[in-house]
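Chemist: The structure's right below; bear with me while I get my questions together.
None of the figures in this text is laboratory data; all of them are computed from the coordinates on show. Because the structure is predicted, anything quoted here is derived from the model rather than measured. For neighbour counting, all protein chains shown are included, and Cβ atoms are generated from backbone atoms with ideal geometry for every residue, glycine included.
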Amino acid sequence: RYLNWIGVPTKVFNLGVYRRQAVKSYKSYDFFRHDNEEAMKIRKQCALVALKDVKAYLTEESGQIAVFDATNTTRERRDLILNFAEENS
């Protein structure tokens, strides 16, 4: 909010919001397990959708700072983000 307040166009892209839109409900912590391949695909797809929104914000909407708000705890996820940035910069 501070950056917006001082006039720097900034937007937060919270991956949890994308996930909740894609999956209306999940019954337990199993959705977040690393061995739940179906959920892993859904979470990866949500990340890609959010990253595409980040790109659109920065390139088409005159945004200057985009915050990709997600845990990004796995090497695979961090590589996905890095590769996306390299391919789209």
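Chemist: In the stretch 24-41, is there at least one residue being over 17 Å from residue 87 (Cα atoms) and either aliphatic (A, V, I, L, M) or under 13 Å from the mean Cα position of the chain (by Cα) (or both)?
Modeler: The first filter runs over the stretch 24-41 and keeps only residues over 17 Å from residue 87 (Cα atoms), leaving 24-41.
Among the residues that remain, those that are also either aliphatic (A, V, I, L, M) or under 13 Å from the mean Cα position of the chain (by Cα) (or both) are: 39-40.
Checked against the condition, which is being over 17 Å from residue 87 (Cα atoms) and either aliphatic (A, V, I, L, M) or under 13 Å from the mean Cα position of the chain (by Cα) (or both), the stretch 24-41 yields at least one hit.
Chemist: Does the stretch 1-16 hold any residues that are under 9 Å from the mean Cα position of the chain (by Cα) and surrounded by 13 or more Cβ atoms within 10 Å (Cβ to Cβ), and which are they? I'd like the intermediate steps shown before the answer.
Modeler: Of all residues in the stretch 1-16, those under 9 Å from the mean Cα position of the chain (by Cα) come to 13-16.
Correct list: 13, 14, 15.
Chemist: Among the residues of the stretch 44-80, how many are within 18 Å of residue 22 (Cβ to Cβ) and of a type in the set (Val, Ile, Thr)?
Modeler: Going through the stretch 44-80 one residue at a time, the tally reaches 3.
Chemist: Here's a follow-up. I'd like the residue in the stretch 48-71 that is of a type outside the set (A, V, I, L, M, F, W, C) and under 9 Å from the mean Cα position of the chain (by Cα) and, out of all such residues, is surrounded by the most Cβ atoms within 10 Å (Cβ to Cβ).
Modeler: Result: 53.
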